[in-house]
Amino acid sequence: VNYAYDIKVTSTVTKSINENYHTVRGINITIRNHKAIAIQILIEQNINGYTLVTSTPQATRVGPIISWVINIDADSTATIYYEWENRW
């Protein structure tokens, strides 16, 4: 995506809870396809081994990496939301 100027991906923290021995983060990822054709994109995030609480759409997890394969129509937007937590 760094070199694809017609695809824009942004990540925003939309939930942040810091309590004694407990942290929760909610992340919203927005993918904007400015191309005149549909695309399929792989999105990967490292959650450092923390617990994945929820993901919409459902993520695939391999070790500390969660990923999604997203199909986006021409000139359209897709959104991913996920939450992770850490307890110690």
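The values are calculated or read from the model by the stated rules, or taken from the named source; none is laboratory data. This one's a predicted model, so the numbers in the text were calculated from it and none came from an experiment. Virtual Cβ from ideal backbone geometry, glycine too; neighbours counted across all protein chains shown. What goes into the accessible areas is simple: the full protein's heavy atoms, side chains included, and nothing from ligands, DNA or RNA. Shrake-Rupley method; radii C 1.70, N 1.55, O 1.52, S 1.80 Å.
Is there any pair linking a residue in the range 8-29 that is without any contact (Cβ under 8 Å) to a residue 12 or more places away in the chain to one that is aliphatic (A, V, I, L, M) and surrounded by 14 or more Cβ atoms within 10 Å (Cβ to Cβ), with Cβ under 9 Å and at least six apart or on different chains, and which?
That search, which allows pairs on different chains as well, returns Ser16/Val24; Ile17/Val24; Asn18/Val24.
What residue, of Ala36, Ala74, Ala4, is outside any strand (DSSP E or B), open to solvent by 60 Å² or more (accessible area, probe 1.4 Å) and hydrophobic (A, V, I, L, M, F, W, C)? Talk me through it step by step, then tell me what you get.
Values: Ala74 fails: open to solvent by 60 Å² or more (accessible area, probe 1.4 Å); Ala4 fails: open to solvent by 60 Å² or more (accessible area, probe 1.4 Å).
The conditions single out Ala36.
Pick from the range 49-61 the residues that are in a loop (DSSP other than H, G, I, E, B) and more than 13 Å from Ile27 (Cβ to Cβ): which of them is most open to solvent (accessible area, probe 1.4 Å)?
Gln58
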